[in-house]
Amino acid sequence: MTLIEMLVVLAIIAVIASVSALAIGGPRRLDGRVEARRLEATLQLAADRTMIGDVPQAIAVAPDSYGVMTWNEATGAWQPASGSDQQHALPHGLTLTASDDRRLFPLGADAGGEAFALSLAEQGQTWTVDFDGITARIVGEASGTPQSGATG
């Protein structure tokens with residue numbers, strides 16, 4: 001067997017090991033933290049698009065999902081954004097609540113965005129994503145442990 005053949009075999013084994021490790025998955029308790037980071041990133045991306053692209057966007061929330069909406073000048077109404085920002089269903093057991101009774105939150109200063117907080121709850125743990133009108137960030141969980149979207 002040549003060195004190249006051995007390297008190919010090792011590469012194949014590494015890919016199979018990686019795929020099987022990812023298929024097994026991590027502990028269920030990380031779903032909330034992962035979803036909080038996803039929500040934080042979605043909010044920030046939509047707010048950035050609003051400010052940079054001058055395209056008013058909002059986040060629509062429901063207890064089991066959320067999604068990005070875009071303002072349609074022709075109809076004068078919010079409509080679901082195209083692409084990967086459409087309604088995102090939360091994993092089973094996670095619930096999303098807002099800081100007030102609204103279900104639609106405009107993002108970015110240009111869209112009239114106001115500060116709000118969204119909380120994801122799962123089995124006694126809560127992750128809160130604060131949006132100050134410009135920036136989204138994870139501020140903590142029920143145990144009081146500070147969270148940050150930048151650390152893992």
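Here the condition is being at pLDDT 85 or above, surrounded by 14 or more Cβ atoms within 10 Å (Cβ to Cβ), in contact with a helix residue (DSSP H, G or I) (Cβ under 6 Å, 6 or more places away or on another chain) and not in a helix (DSSP H, G or I); of LEU96, LEU120, it holds for LEU120 alone.
Would you check if GLN79 is open to solvent by 20 Å² or more (accessible area, probe 1.4 Å), under 24 Å from THR128 (Cα atoms) and out of contact with any Phe, Trp or Tyr (no Cβ under 6 Å at 6 or more places or on another chain)?
Values: open to solvent by 20 Å² or more (accessible area, probe 1.4 Å): yes; under 24 Å from THR128 (Cα atoms): no; out of contact with any Phe, Trp or Tyr (no Cβ under 6 Å at 6 or more places or on another chain): yes.
Considered against the rule, which asks whether it is open to solvent by 20 Å² or more (accessible area, probe 1.4 Å), under 24 Å from THR128 (Cα atoms) and out of contact with any Phe, Trp or Tyr (no Cβ under 6 Å at 6 or more places or on another chain), GLN79 comes out as no.
Restricting the first residue to the stretch 31-55 and requiring it to be surrounded by fewer than 20 Cβ atoms within 10 Å (Cβ to Cβ), which pairs with a second residue that is among the small types (Gly, Ala, Ser) and part of a helix (DSSP H, G or I) meet a Cβ separation below 9 Å and a spacing of at least six or different chains? Close Cβ pairs (under 9 Å, with a partner that is among the small types (Gly, Ala, Ser) and part of a helix (DSSP H, G or I)) amount to MET51/ALA109; MET51/ALA111; VAL55/ALA111. GLY32 falls short on exactly one of the conditions (1) closer than 20 Å to GLU122 by Cα; (2) at pLDDT 90 or above, and that condition is (2). Please indicate, with yes or no, whether at least one residue in the stretch 48-69 is among the charged types (D, E, K, R), over 16 Å from THR128 (Cα atoms) and touching a strand residue (DSSP E or B) at 6+ places or on another chain (Cβ under 8 Å). Looking through the stretch 48-69, at least one residue is among the charged types (D, E, K, R), over 16 Å from THR128 (Cα atoms) and touching a strand residue (DSSP E or B) at 6+ places or on another chain (Cβ under 8 Å).
The values are calculated or read from the model by the stated rules, or taken from the named source; none is laboratory data. Note that the coordinates shown come from a computational prediction; the quantities given were computed from them, not determined experimentally. Neighbour counts run over all protein chains shown; Cβ positions are idealised from the backbone, glycine included. Heads up: the accessible areas ignore ligands, DNA and RNA and are worked out on the full protein's heavy atoms, side chains in. Shrake-Rupley method; radii C 1.70, N 1.55, O 1.52, S 1.80 Å.
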